[in-house]
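The values are calculated or read from the model by the stated rules, or taken from the named source; none is laboratory data. None of the values given here were measured: they were computed from a predicted structure. Note that each Cβ is placed from the backbone with ideal geometry, even for glycine, and that neighbours are counted across all protein chains shown. All accessible areas refer to the heavy atoms of the entire protein, side chains included, with ligands and DNA or RNA removed. Shrake-Rupley method; radii C 1.70, N 1.55, O 1.52, S 1.80 Å.
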Amino acid sequence: MRQKIGTGLIILSAITLVILLAPFVGLNLWPQRLAGKSESIYYIDIPKISASAPIITNVDPWNETEYQDQLKSGVAHAAGTALPGKPGTSFLFAHSSDWPWNLTRYNTAFFKLDRLEVGDTIIITKDSQPLTYTVFDKKVVWPSEVDYLNNP
């Protein structure tokens with residue numbers, strides 16, 4: 001009897017582990033191609049990490065309710081910064097993690113962003129015209145470091 005209970009607990013644990021880890025495994029094995037490309041004027045593609053998402057423009061980065069809602073639909077462009085392809089600095093932000101059941105949606109578009117290196121390509125499509133950018137620097141900052149938004 002004890003052996004049957006032990007075997008049952010092991011099987012139940014294995015099933016639970018598979019359910020919890022499946023989204024993480026899927027993100028690393030299959031490209032994160034996301035629907036909705038034709039619905040957005042701006043769209044970002046990062047080939048190295050297979051990330052692809054619409055860009056929602058002019059999102060208030062200081063209004064958490066607004067940006068949390070917009071990040072469900074894609075990558076957000078911070079209002080008050082230059083639009084991609086225009087002179088100046090553009091600030092784009094997205095989630096890099098979320099609840100396990102959301103890991104294949106837009107709110108994890110930057111999940112593998114840490115894998116980018118100097119020289120990698122980022123393509124932003126505007127009105128079906130590609131704008132190609134090359135990573136020239138990489139810096140990790142704390143979420144509280146928002147000086148970049150104050151001095152674009």
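Taking the simple approach of a point 7 Å from Cα along Cα-to-Cβ for both Thr65 and Thr16, what is their distance in nm?
Label at Thr65, label at Thr16, 3.8 nm between them.
Tell me, what is the per residue accessible area of the range 46-95 in Å², probe radius 1.4 Å? Kindly include the intermediate steps, with their values, before the conclusion.
On the way: 2330 Å² over 50 residues.
About 47 Å² of surface per residue is accessible.
At a Förster distance of 22 Å, what's the computed FRET efficiency of Ile123 paired with Lys72, Cβ-Cβ distance as r, to 0.05? The partial results should precede the final answer.
On the way: r = 23 Å, r/R0 = 1.04.
The value I calculate is 0.45.
Output ³J(HN,Hα) for the range 2-9: one whole-Hz value per residue in order, computed from phi by the Karplus curve 6.51 cos²θ - 1.76 cosθ + 1.60 with θ = phi - 60°, and x for Gly and Pro.
Going residue by residue, I get 4, 5, 5, 5, x, 5, x, 5 Hz, with x marking Gly and Pro.
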